[in-house]
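Q: Sharing a structure with you now.
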Amino acid sequence: MGLIAFLKTQFIVHLLIGFVFVVSGLIINFVQLCTLILWPINKQFYRRVNCRLAYSLWSQLVMLLEWWSGTECTLFSDQATVDKFGKEHVIIILNHNFEIDFLCGWTMTERFGVLGSSKVLAKKELLYVPLIGWTWYFLEIVFCKRKWEEDRDTVIEGLRRLSDYPEYMWFLLYCEGTRFTETKHRISMEVAESKGLPKLKYHLLPRTKGFTTAVQCLRGTVSAVYDVTLNFRGNKNPSLLGILYGKKYEADMCVRRFPLEDIPVDEKEAANWLHKLYQEKDALQEMYNQEGIFPGRQFKPPRRPWTLLNFLFWATVLLSPLFTFGFGIFASGSPLLILAFLGFVGAASFGVRRLIGVTEIEKGSSYGNQEFKKKE
């Protein structure tokens, strides 16, 4: 094991990376708070500034995937579709099977220059998660309780507010509503059977309200829907902890572009279109499991240096005073100060672990275990 590979497995290194992410995130959140004064003066300037502030935070996670673990992401698509990446507003539909599926999506948005302006329809609980939810709040992310009767007006208002967004925007939808588990899949297929819908093998039954509402509210703004089906070679099931330990994965993403005018305007017909799309996604997963490859031409967009340079900037700014402070504490010989410092380190470790826990499948929401039994 080389020195670099050894360092990637060390807890103290993980703690320092977490320290940089958390402290830089809090600084960025504070700056975002200060930018609120720009909203009544120049809303579009406020948005552009916050896109770049968000990039400075999210790109640190992308750096872990691209530069720390060296994970490769391969696109399976066509040249005409790839040529449009980063040059239009779009809705993204991504399967929700893996702990780092969002991170694979982010690395693609980074490579095509839309990481800072990427959006998502997120569960409201995330709004209260430090760094993640706070940053999303300033980015005008649409939050929902996943109870349509309560969410309808909030979601519609949030989507319509994005109609004049100045940066090219990729709006991500997890139409399954929650991450795939065997229990949720079983319940979901019971619902499919009760509604007379075709059963799916690799996906949960898509929940159509969010999709049809997004399409309806963003017509005239978004140009297309990108369907993305993600899988990992070698039947791997990667985790954020694995990325932190420097494990390298190979992600394959099949991307298909559907012009928005091809999606029915009628809500019921648009819902049927989405169900058909998920049947096609299921067939793509079946093909991948059998042949180890998606259809289409392979593209490997090159990683850009900005994520690494951004992290090195924050590491230089934040770790130098931390090391100086820590050395001064131990040099003082004061047991009280040393214990207080170690307590701070322990608290920081706990906080980083809790943030990582947000992505873990087994700690995901129970949404789906009960909600799939209810009517949309």
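Q: Using the heavy atoms of the protein chains alone and a 1.4 angstrom probe, what is the accessible area of region 39-121 per residue in square angstrom? Mind dumping the intermediate values first?
A: Numbers: 2410 Å² over 83 residues.
Computed with neighbouring chains in place, this is 29 Å² per residue.
Q: Taking a ≥ b ≥ c as the square roots of the Cα gyration tensor eigenvalues, with a/c under 1.5 meaning rounded and otherwise prolate when a/b beats b/c, else oblate, which class fits region 172-274?
A: Values: a/c = 2.49, a/b = 1.37, b/c = 1.81.
Oblate is the answer for region 172-274, as a/c is 1.5 or above yet b/c matches or exceeds a/b.
Q: Still on this structure, I have one more. Rounded to whole Å and sorted largest first, list the principal axis extents of the Cα atoms in the chain.
A: 72, 54, 42
Q: Given labels modelled 7 Å from the Cα in the Cβ direction, how far is it in nm from VAL31 to ALA283?
A: So the label points at VAL31 and ALA283 sit 4.8 nm apart.
Q: Another question about this same structure. List the DSSP H helices in the chain whose Cα atoms stretch 27 Å or more along the helix axis and whose mean Kyte-Doolittle hydropathy is at least 0.0. Intermediate results must be reported in sequence, preceding the final value.
A: Details: long enough: 11-35 (35 Å, 2.22); 43-63 (29 Å, -0.20); 267-291 (36 Å, -1.53); 306-332 (39 Å, 1.50); 335-357 (33 Å, 1.62).
What comes out of the filter, once short or polar helices are dropped, is 11-35, 306-332, 335-357.
Q: Counting pairwise Cα distances across region 252-334, what percent come out greater than 16 angstrom?
A: Details: 2517 of 3403 pairs.
Counting every Cα pair in region 252-334, those more than 16 Å apart make up 74 percent.
Q: Separate question: Modelled label-to-label distance, THR183 and LYS195, 7 Å Cα→beta-carbon offset: nm?
A: 2.2 nm
Q: Here's a follow-up. At 1.4 Å probe size, with every protein chain present, just tell me what the per residue accessible area of region 215-336 comes to in Å². Numbers along the way, then the final one.
A: Numbers: 6590 Å² over 122 residues.
Result: 54 Å² per residue.
Q: To check my understanding: the extent here is largest minus smallest coordinate of the Cα atoms along each principal axis. What are those three numbers for region 21-66, in Å, largest first?
A: Principal extents (largest minus smallest coordinate, Cα): 37, 19, 6 Å.
Q: Treating region 148-213 as a set of equal point scatterers at the Cα positions, no solvent, please give the Debye-formula log₁₀ I(q)/I(0) at q = 0.21, 0.25 Å⁻¹.
A: Cα-only, vacuum Debye calculation for region 148-213: -0.92, -1.09.
Q: Please say if region 19-153 is rounded, prolate or oblate, where rounded means a/c under 1.5 for a ≥ b ≥ c the square roots of the C-alpha gyration tensor eigenvalues, and otherwise the choice is prolate for a/b larger than b/c and oblate otherwise? List each step's numbers first, then the result.
A: Working: a/c = 1.42, a/b = 1.27, b/c = 1.12.
Since a/c stays below 1.5, the shape of region 19-153 is classed as rounded.
Q: Using a probe of 1.4 angstrom, how much of the accessible area of region 112-228 is carbon and sulfur, in percent? Display every interim value, and only then the final one.
A: Values: 2450 of 4840 Å².
C and S fraction of accessible area: 51 percent.
Q: Enumerate the amide H contacts of PHE171 below 5 Å, restricted to partners 5 or more residues apart or on another chain; note that Pro and chain-start residues carry no placed amide H.
A: Correct list: VAL90, ILE91, ILE92, LYS119.
Q: Do the sum for the chain: with -39,500 (n - 2.57) for every DSSP H run of n ≥ 4, divided by all residues, what is the mean residue ellipticity at 222 nm, to the nearest 500 deg cm²/dmol?
A: Details: 13 runs with 194 residues, N = 376.
The helix contribution divided over the chain gives -17000 deg cm²/dmol.
Q: If you don't mind, another one. Points 7 angstrom from Cα along the Cβ direction at LYS147 and GLU267: gap in nanometres?
A: 1.9 nm
The values are calculated or read from the model by the stated rules, or taken from the named source; none is laboratory data. Everything numeric in this text was worked out from a predicted model, so none of it was measured. Neighbour counts are summed over all protein chains in view; Cβ atoms, including those assigned to glycine, are modelled from backbone coordinates with ideal geometry. Accessible surface areas use protein heavy atoms only, side chains included; no ligands, DNA or RNA. Shrake-Rupley method; radii C 1.70, N 1.55, O 1.52, S 1.80 Å.
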